[in-house]
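A.B. asks: Before anything else, here's the structure in question.
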């Protein structure tokens, strides 16, 4: 719960900083709204990425591989291109790394 409160407080601080900075540089209101919308949209993605990075950092290589396989297995099993090609997606899953990026 403490971690959730800290994240919420950090997000509010970022929004307040962005709002204040944009007003100080007299950014157009339309651009301000676009910036705030973007910050709101990526907030959860950034938290998820940090959580995943933290989890993976603390795992052994074998557990990292297991978690990564579980994250991506359904994508390969459900995609028609890989139908009947379990050896292909097994190879990919054994060599893939879980990474998340912020949208542009």
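A.B. asks: Mind checking which pairs have a first residue in the stretch 20-46 that is modelled with pLDDT under 85 and a second that is part of a helix (DSSP H, G or I), Cβ under 7 Å, 6 or more apart or different chains?
C.D. replies: Once the first residue is modelled with pLDDT under 85 and sits in the stretch 20-46, its partners that are part of a helix (DSSP H, G or I) give 43/11.
A.B. asks: Sort through 46, 63, 27 and tell me the only one that's surrounded by 13 or more Cβ atoms within 10 Å (Cβ to Cβ) and either assigned to a helix (DSSP H, G or I) or assigned by TED's automatic domain parsing to the domain that holds residue 97 (or both).
C.D. replies: So the residue among 46, 63, 27 that is surrounded by 13 or more Cβ atoms within 10 Å (Cβ to Cβ) and either assigned to a helix (DSSP H, G or I) or assigned by TED's automatic domain parsing to the domain that holds residue 97 (or both) is 46.
A.B. asks: Please specify each residue of the stretch 18-27 satisfying the condition of being under 15 Å from residue 38 (Cβ atoms) and over 22 Å from the mean Cα position of the chain (by Cα).
C.D. replies: Of everything in the stretch 18-27, those that are under 15 Å from residue 38 (Cβ atoms) and over 22 Å from the mean Cα position of the chain (by Cα) turn out to be 19, 21, 22, 27.
A.B. asks: Against the condition in a helix (DSSP H, G or I) and surrounded by 12 or more Cβ atoms within 10 Å (Cβ to Cβ), how does residue 70 come out, does it pass?
C.D. replies: Against the criterion (in a helix (DSSP H, G or I) and surrounded by 12 or more Cβ atoms within 10 Å (Cβ to Cβ)), residue 70 does not qualify.
A.B. asks: How many residues does the stretch 76-99 hold that are surrounded by 12 or more Cβ atoms within 10 Å (Cβ to Cβ) and closer than 21 Å to residue 55 by Cα?
C.D. replies: Here the count works out to 3.
The values are calculated or read from the model by the stated rules, or taken from the named source; none is laboratory data. None of the values given here were measured: they were computed from a predicted structure. Positions of Cβ are generated from backbone atoms using ideal geometry, with glycine treated the same way; all protein chains shown enter the neighbour counts.
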